[in-house]
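The values are calculated or read from the model by the stated rules, or taken from the named source; none is laboratory data. Note that the coordinates shown come from a computational prediction; the quantities given were computed from them, not determined experimentally. Note: ideal-geometry Cβ built from the backbone for every residue, glycine included; neighbour counts use all protein chains shown. Side chains are part of the model used for accessible areas, which takes the heavy atoms of the whole protein and leaves out ligands, DNA and RNA. Shrake-Rupley method; radii C 1.70, N 1.55, O 1.52, S 1.80 Å.
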Amino acid sequence: MSFEKTLAEQTEVQLKRSWKMPIAYVLGAVLLALFASTASGDVHLRLNDRSQSYTLEDITTPGAPILWVLFVLVALIAAWSLFCTTTRRTPARWLSSLLMALAGIGTVFGFLVYAGSGSNGVVTLTSLLVSTIAISTPLIFGSLSGVVSEHVGVVNIAIEGDLLVGAFAGVMAASFFQTPYAGIIAAPLAGALLGSLLALFSVKYGVDQIIVGVVLNVLALGLTTFFYGTLMKVSPQTLNTNQFSLTPIKIPLLAEIPVIGPMLFNQTLLVYLMYLAVAFLAVFLYRSRWGLRLRACGEHPKAADTVGINVNRTRGRNAILASSFAGLGGAFFTIGSGLAFTDNISAGNGYIALAAMILGKWHPLGATSAALMFGFAQAVARMLPNVSPAIPSDLVSMIPYLVTIVAVAGFVGKSKAPAAENIPYVK
């Protein structure tokens, strides 16, 4: 009887269906059909960047045929997804990921083609991708900060403050020492300093981590605003100049690859450090003793303590390390972008980084992918006024935040945070 009951329970679990992706594909196909039926005129596409040694001619072609082809592609993917869902078939993960990427890229590209159809503006694909990487850099550093701190059991709401103090310390050190590399050193140190306060109050004294994070964000905003008004505005040429910013480092041959070359291989040192940070965490977080101890403290601190791991010390050190990642990302807003510091220059990017971490299900590669998606949305929002001025600016400015809400609310699914996060450990 128990065997039959167990078999019935397993059968009931197998019968459960998820209509999330089929509905998303159908909506994408409907949107492309709407674009294709209303598009008129030619679209101008540019596939090379000014930094490349060669020049490709702009592609000018009617936009409607491209949109109809994209509609057929996404419609076929939607039909395949509906078929798999109704017949309860589970396709290979790589195939599902590939088709998801094709549908997403097709829908987004269709939107760009629709926006550029009948317009004198040029859809500069390569420059769009370059901007995506640049905009995503602080988001990726911030999301990696959240991945490390939450895996060790510390909720780091203070990523926004880490980015802010990193931006402040980065430009201040670069201006004072007249070299941007001083800013690259000072920014993570400033983030680590704020992270030490998070570790002190939340790990040592057991204060609620979310409350501490919010307080630290307010503290970072207040301190940077105060010192900006009392120090930087008094001597901007000494402490807040954009003359000492990072310049792109062009990797020979690789930077000449069409479309993706400038995006990946003609960036600043800060972007290359981001590549290393993602690779380091993707490997060592799951393939090293350090990563095992870190994750043990976030999942089951009592078991970690039993085998001799100092839980609170591990949590404190890695919370500081995580904040240094976010501080380094904050340097992008100043020395990474060639801008001087202004009040609240991070502008809520720390909270978007938290959303990217959750959407990426607390994995470095997932968080990076989500951050790139948000960065791409911002890059599109910045490019659209030049491509199609008729699109309302208010609607354009909503795009990044709308993408954030839809992605987190609709596609996170049943992701599971580390079990012991925001739970102080007391022996």
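A few points about this structure:
- Values of log10 I(q)/I(0) for the chain across q = 0.10, 0.13 Å⁻¹ run -0.79, -1.20, by the Debye formula with one identical scatterer at each alpha carbon and no solvent.
- Relative contact order, percent, the chain [alpha-carbon distance under 8 Å, six or more residues apart]: 24
- With every protein chain in place, the chain: carbon and sulfur % of accessible area (1.4 Å): 68
- Based on C-alpha pairs under 8 angstrom that are at least 6 apart in sequence, the stretch 17-121 has a relative contact order of 43 percent.
- When the Gaussian network model of the chain links Cα atoms closer than 10 Å, the mean-square fluctuations of V283, V171, V212 top out at V283.
- Extended-chain gain in nm, criterion 0.36 nm per residue less alpha-carbon gap, T238 and I257: 2.9 nm
- Estimated FRET transfer efficiency (L200, W290; beta-carbon r; R0 25 Å; 0.05): 0.70
- The chain: calculated mean residue ellipticity at 222 nm from DSSP helix runs of at least 4, using -39500 (n - 2.57): -22000 deg cm²/dmol
- When you count the other C-beta atoms within 10 angstrom of each residue and take the mean per peptide, 139-148, 41-50, 229-238, 350-359 line up highest first as 139-148, 350-359, 41-50, 229-238.
- Helices assigned as whole DSSP H runs in the chain whose Cα atoms extend at least 30 Å along their own long axis and whose mean Kyte-Doolittle hydropathy is 1.0 or higher are found at 63-86, 93-116, 125-151.
- The tail of the calculated P(r) for the stretch 17-121 beyond 16 Å holds 61 percent of all Cα-Cα pairs.
- The amide H of G338, built 1.01 Å from its N in the peptide plane, has L246 as neighbours under 5 Å, considering only residues 5 or more places off or on other chains.
- Packing, taken as the mean count of other beta carbons within 10 Å per residue, orders the peptides 304-314, 86-96, 214-224 from highest to lowest as 214-224, 304-314, 86-96.
- Ellipsoid equivalent to the stretch 49-173 - semi-axes via the Cα gyration tensor, in Å: 36, 29, 12
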